[in-house]
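I have placed the structure first, in the form of structure tokens, so that the comments after it can refer back to it.
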Protein chains: 2
Amino acid sequence: MLMDARRLLIFREVARAGSISAAARALGWTQPAVSQHLAALERAVGVPLLLRGPGGVELTEPGARLLDRADQVALQLHLAEEELADLTSLRRGRARLAAYPSAAATLVPRAVAGLRARHPDVDVELTEVEPPEALGLLESGDVDLALVFGYDGDPAAGRGLVWRPLAAEPVALVLPVDHPLAGRRRIALAQLAGEPWIVGCARCRAHAVALCAAAGFAPSVRHVSDDYVVVQNLVAVGLGVTLLPHSALDAYRHPGVVAREQASFGTRTYGIVHRPGAERVPATAALVRELAGQGAPPG
Amino acid sequence: MLMDARRLLIFREVARAGSISAAARALGWTQPAVSQHLAALERAVGVPLLLRGPGGVELTEPGARLLDRADQVALQLHLAEEELADLTSLRRGRARLAAYPSAAATLVPRAVAGLRARHPDVDVELTEVEPPEALGLLESGDVDLALVFGYDGDPAAGRGLVWRPLAAEPVALVLPVDHPLAGRRRIALAQLAGEPWIVGCARCRAHAVALCAAAGFAPSVRHVSDDYVVVQNLVAVGLGVTLLPHSALDAYRHPGVVAREQASFGTRTYGIVHRPGAERVPATAALVRELAGQGAPPG
DNA sequence: GGGCATCCATAAGCATTGATTATGGCTCGC
DNA sequence: GCGAGCCATAATCAATGCTTATGGATGCCC
């Protein structure tokens, strides 16, 4: 086992002070306390480290060597404290974020810009992935935060992760501008039972299918794409209809489509997932605050 | 005050083992012991250092930074132990010796050669000075050992130093070869009352004067020199008589002088003086053993 | 899907560590 | 020679720190 570092630092203090009594005063202790620590240290190393004389102590050769190491240890401890203080006060740091595409296009850039403005040396590393992969990255420790969405419930349930919902966004029905129903005030999904449907990721598809089932039909899924630009282009040229969340239409809006938001189309909830405890890491916490739209620390 | 280095090393062990339980096993402790230390460390630094999950722990960014420092601290402690082991086992080291001239010419070279043969990387630094200055160097911390002599009693008495006599050497009366008394079997000092006398250092002079006084006369001191070569040359050409210790005649013997050792001329004791505790410093102890003529460690 | 193994945290008990006060030896300076 | 510095040692007591005991949570396996 390694030498007792505490006693090593006490020894260093004695060497610096020039006497055991002076070191004790500097440490706010009594003289015997320091004396006993030194005796224990010398017993442990098996060699006299300092020669006691009236008027103080003087280092032996082994003592002088050990003092060099003690200085190094003290330096490292000091550096450790400084580094931690830097990280705590956000003078530096890093937060790794996985986000889904439409968020990466809208919410994330704003949050990152806000964080950079407040803390220029806190770096954000963004990975754009769909929610399931984001959770995988989180579990493997490759990212600190995952910005994900779910149509209902907790998208990270049962995975040992923490889910913090941020907001619910409406889901819109997307039709070509020249669609017969494009001008109607209210649209019933059942009216689109005969249309070809375009769906995105597995969860979006499940949501669409569930909505249609509730409306009494099974949609005919003709095209599949995660890309909200691709999907809107397909809709615009009349290849089908689709459902898209508000943020996807916020990030990009094809002029050839119309979007109708109705409560009956449901909502999509997005939020942050992280490993328990990660929210207390300063850089991570700061990014969470930015994403939640409250850049300044609460309180 | 600095961070608790002990807990830092426990944290390091946890990071290395991958889990608190594994670290506890490695340390021969129970899991709660390590858990509590980590909790205390995190409380002290104010930042989570690792995220607990089933299957073990994972470092946060602050934890990763702190681990680097912990490694440095452990390295320094390890190096400290190695260096001390080197010094203890005489794989390296240094002993600073102050010795008076005739010893420096005879006893010391043999001792240094012996030490070097046994421990090639233990360095001896020799300073040739007369005993009083040697004690001064000892007190000021400039040497570890002083090889000194005295005509009676402890030459370092009352100075807070340790006196270890090594041997008593006879004192010889030194006459020119052509002196009328040169052939006599026994010589009484009183017979030399009319001769010019040559004396050396203050203590040697005091010894000579005391001897002459005991013989009933006050010597006429004509020449003063510490240098036993100079003194013998003066005697050889008939400029006076003198008293010299055996070692001075052993180091150099002028053909033009005769030396008579008699109990009545007294003895000169030489030995080692050191600060209390210094005899336990390995390099110093080894040199003491060599000087005492017992190169191998006792026992 | 329920039981089991493993992870971690917390609480309470107790032994050791580590501080204290008290005392004594030693050297130096007045 | 006496007082004021050093330092070491012994004895006492409190706090630290390790223990056992327990509970919550996750993941694996049949």
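For this structure, a couple of remarks:
- Per residue of peptide A:271-279, the mean number of Cβ atoms on other chains within 10 Å of the residue Cβ is 3.
- Nearest beta carbon of chain B to the B-to-A rotation axis, with distance in whole angstrom: B:Ala5, 2.
- Accessible area per residue was computed with a 1.4 Å probe on protein heavy atoms; A:Asp178 scores about 120 Å².
- Label spacing, shortest first and in nm, from B:Asp250 to its equivalents in the remaining copies (7 angstrom along Cα→Cβ): 9.9
- Shortest first, B:Val230 label-point distances to identical copies amount to 10.4 nm, with the label point at 7 Å from Cα along Cα→Cβ.
- For the stretch A:5-88, the C-alpha radius of gyration sits at 1.16 times the compact-globule guess of 2.2 N^0.38 Å, with N the residue count.
- Chain A - Rg and Dmax from Cα coordinates, angstrom: 31.7, 105
- From phi via Karplus (6.51, -1.76, 1.60), per-residue ³J(HN,Hα) for the stretch A:90-98 in Hz, x at Gly/Pro: 6, 6, 7, x, 8, 10, 9, 10, 10
- 5 angstrom amide H check on A:Val57, placed H, neighbours 5+ away: A:Ser19, A:Ile20
- Model label points for B:Gln31 and A:Thr127, set 7 angstrom from Cα along the Cα-to-Cβ axis, are 2.9 nm apart.
- Take each residue of peptide A:209-222, count the partner chain Cβ atoms within 10 Å of its Cβ, and average: the result is 0.
- Between identical copies, the spacing of A:Asp123 label points, each set 7 Å from Cα toward the C-beta atom, reads 4.5 nm from nearest to farthest.
- Measuring between their Cα centroids, the stretch B:108-133 and the stretch A:46-120 lie 46 Å from each other.
- Built amide H within the under 5 Å cut-off of A:Val241, gap 5+: A:Trp197, A:Ile198
- Remark on B:Val129: its backbone amide H falls under 5 Å from those of B:Ala99, B:Tyr100, a criterion applied only to residues 5 or more positions apart or on other chains, H modelled at 1.01 Å from N.
- Fluctuation leader among B:Gly194, B:Gly53, B:Gly216 - chain B, Gaussian network, Cα springs under 10 angstrom: B:Gly53
- Here the 3J(HN,Hα) profile of the stretch A:55-61, calculated from phi with Karplus coefficients 6.51, -1.76 and 1.60 at θ = phi - 60°, is x, x, 10, 9, 6, 7, 5 Hz, Gly and Pro shown as x.
- 3J(HN,Hα) along the stretch B:280-286: 9, 7, x, 4, 5, 4, 5 Hz, from the Karplus curve 6.51 cos²θ - 1.76 cosθ + 1.60 with θ = phi - 60°, whole Hz, x for Gly and Pro.
- In the assembled protein chains, A:Ser264 presents an accessible area of approximately 60 Å² (probe radius 1.4 Å).
- Across peptide B:80-87, the average count of Cβ atoms from other chains found within 10 Å of a residue's Cβ is 6.
- Across chain B, C-alpha contacts under 8 Å between residues 6 or more apart give a mean separation that, scaled by the residue count, equals a relative contact order of 20 percent.
The values are calculated or read from the model by the stated rules, or taken from the named source; none is laboratory data. Remember, it's a predicted structure, so these values are computed and weren't measured experimentally. We place every Cβ from the backbone using ideal geometry, glycine too, and count neighbours over all the protein chains shown. For the accessible areas, the whole protein counts, side chains as well, though only heavy atoms, and no ligand, DNA or RNA atoms are used. Shrake-Rupley method; radii C 1.70, N 1.55, O 1.52, S 1.80 Å.
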